[in-house]
Amino acid sequence: MLFSRETPSAKRRAFREALASGEILRLPGAFNPLSARLIEDKGFDGVYVSGAVLSADLGLPDIGLTTLSEVAGRAAQIARVTDLPTLVDADTGFGEPMNVARTVQTMEDAGVAGMHLEDQVNPKRCGHLDGKEVVGLGDAVRRVRAAVDGRRDPDFLIMARTDVRGTEPGERGLRLAVDRAKALADAGADAIFPEAMADLSEFEAVASALDVPVLANMTEFGKSELFTVKQLGDAGARIVIYPVTLLRMAMGAAERTLDTLNAEGTQNAVVGDMQTRARLYELVDYAGYNHFDSAVFTYEPGQNHQH
Ligand SMILES: C[C@](O)(C(=O)O)[C@H](CC(=O)O)C(=O)O
Ligand SMILES: [Mg+2]
């Protein structure tokens with residue numbers, strides 16, 4: 001009830017420990033706080049807050065239009081309903097290196113466990129589209145150093161994402177990605193997100209070149225095939241995100257439902273696919289609030305109150 005009883009610092013420590021265990025952690029993207037409850041209920045290891053989902057949710061393309069306040073606000077709403085660690089997409093850090101330091105502190109205040117910061121130029125775009133551009137290595141390193149300098153909780157995870165793989169095809173692109181990933185880790189990044197890896201051997205090449213954990217992005221309709229958790233774990237990845245998966249499914253269902261309403265004049269045919277009222281109430285813990293109501297609201301001083 002009222003949800004997470006874990007403090008943000010406890011969640012950060014747990015995330016660090018889970019990462020150190022060597023197991024691969026699975027973080028589906030929550031498109032709202034309620035879906036974060038579902039992710040926790042189904043036994044996943046963490047919750048991802050995707051910039052693509054956040055901007056799509058607002059009816060915007062994912063090109064860096066969302067603000068730090070919007071992203072941190074949504075991340076806080078999501079993080080507070082789950083005991084799981086929350087990893088947030090901080091895009092290019094919302095400004096220059098000084099802003100990046102402030103972004104880290106704002107995300108710490110939002111109660112999330114960590115964030116990733118990418119090396120694209122502004123306006124940024126989805127990492128799986130063509131025609132991306134990245135900043136030079138010096139600027140990318142400055143962003144990471146500013147993030148590390150701004151951090152107050154040493155357990156807050158700063159992950160550097162590099163989009164350089166998508167800027168050059170073939171072997172050369174991969175070599176650039178490995179070199180940049182190493183430089184970003186040397187600059188203090190706690191983990192690396194190599195964006196737009198073409199296949200498993202590329203994940204392997206990045207992971208084996210680094211001492212820090214590597215994230216695999218299993219976004220649909222992108223550059224990477226959709227590998228299994230086992231395949232990614234064997235290739236050395238330590239975190240896998242499914243950033244837009246739940247939103248795509250939910251929006252697919254919404255479209256089909258509207259089509260059914262249009263065609264049939266009633267939603268009867270799709271009711272069987274819906275989350276039931278009972279399941280929804282379970283997720284938001286109606287029973288807990290009822291209990292609270294009867295235990296606290298009807299409490300009378302002097303009574304020996306039994307819970
Ligand atoms: C991971 C990502 O940064 C996101 O915002 O979720 C996107 C996902 C997507 O657009 O499919 C990305 O750039 O890969
Ligand atoms: Mg993004």
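Side notes on the structure shown:
- The lone criterion from (1) within 13 Å of ligand 1 (Cβ to nearest atom); (2) under 15 Å from the mean Cα position of the chain (by Cα); (3) modelled with pLDDT of 95 or more left unmet by D119 is number (2).
- Sole exception among (1) part of a loop (DSSP other than H, G, I, E, B); (2) closer than 24 Å to V53 by Cα for A254, by number: (1)
- When region 183-203 is filtered for residues that are crowded, with 17+ Cβ neighbours inside 10 Å and among the charged types (D, E, K, R), the ones remaining, listed by number, are D190, E195, E202.
- Selection status of A72, in contact with a strand residue (DSSP E or B) (Cβ under 6 Å, 6 or more places away or on another chain) and either closer than 30 Å to E23 by Cβ or among the acidic types (D, E) (or both): no
- With respect to the stated conditions, L280 is under 21 Å from L2 (Cα atoms), modelled with pLDDT of 95 or more and not acidic (D, E).
- Residues being open to solvent by 50 Å² or more (accessible area, probe 1.4 Å), farther than 15 Å from N99 by Cβ and either without any contact (Cβ under 8 Å) to a residue 40 or more places away in the chain or part of a helix (DSSP H, G or I) (or both) - total across region 139-155: 1
- Going through (1) under 20 Å from V144 (Cβ atoms); (2) within 16 Å of ligand 2 (Cβ to nearest atom) one by one, E108 falls short only on (2).
- Taking region 1-112 as the region of interest, the strands (runs of 3 or more DSSP E) fully inside it that hold 1 or more residues being hydroxyl-bearing (S, T, Y) and surrounded by 15 or more Cβ atoms within 10 Å (Cβ to Cβ) are 47-49, 86-89.
- In region 74-97, residue nearest to the chain's Cα centre (by Cα) [restricted to those that are among the acidic types (D, E) and within 19 Å of P28 (Cβ to Cβ)]: D89
- Scanning region 204-218 for residues that are in contact with a helix residue (DSSP H, G or I) (Cβ under 6 Å, 6 or more places away or on another chain) and in contact (Cβ under 8 Å) with a residue 60 or more places away in the chain yields a single hit, P213.
- Scanning region 113-129 for residues that are surrounded by 18 or more Cβ atoms within 10 Å (Cβ to Cβ), within 12 Å of ligand 2 (Cβ to nearest atom) and part of a loop (DSSP other than H, G, I, E, B) yields K124, R125, C126, G127, H128.
- Some residue of region 130-138 being within 13 Å of ligand 2 (Cβ to nearest atom), of a type outside the set (D, E, K, R) and open to solvent by 70 Å² or more (accessible area, probe 1.4 Å): no
- Residue satisfying condition, being within 16 Å of ligand 1 (Cβ to nearest atom) and either within 26 Å of G166 (Cα to Cα) or touching a residue at least 12 places away in the same chain (Cβ under 8 Å) (or both), within set E96, E133: E133
- Residue count for region 1-45 under the criterion of being in the same structural domain as P123 (by TED's automatic domain parsing) and at positive phi: the result is 2.
- Taking region 219-267 as the range and being within 16 Å of ligand 2 (Cβ to nearest atom), open to solvent by less than 60 Å² (accessible area, probe 1.4 Å) and in contact with a helix residue (DSSP H, G or I) (Cβ under 8 Å, 6 or more places away or on another chain) as the test, the residues that pass are T219, E220, I239, V240, P243, V244, L246, L247.
- Residue count, region 73-93 (criterion: on the phi < 0 side of the Ramachandran plot and within 15 Å of ligand 1 (Cβ to nearest atom)): 9
- Among the candidates L258, L226, L247, residue that is among the aliphatic types (A, V, I, L, M) and touching a residue at least 12 places away in the same chain (Cβ under 8 Å): L247
The values are calculated or read from the model by the stated rules, or taken from the named source; none is laboratory data. It should be emphasised that the depicted structure is a prediction, and the values quoted were computed from it without experimental measurement. Neighbour counts are summed over all protein chains in view; Cβ atoms, including those assigned to glycine, are modelled from backbone coordinates with ideal geometry. Calculation scope for accessible area: heavy atoms of the full protein, side chains included, ligands and nucleic acids excluded. Shrake-Rupley method; radii C 1.70, N 1.55, O 1.52, S 1.80 Å.
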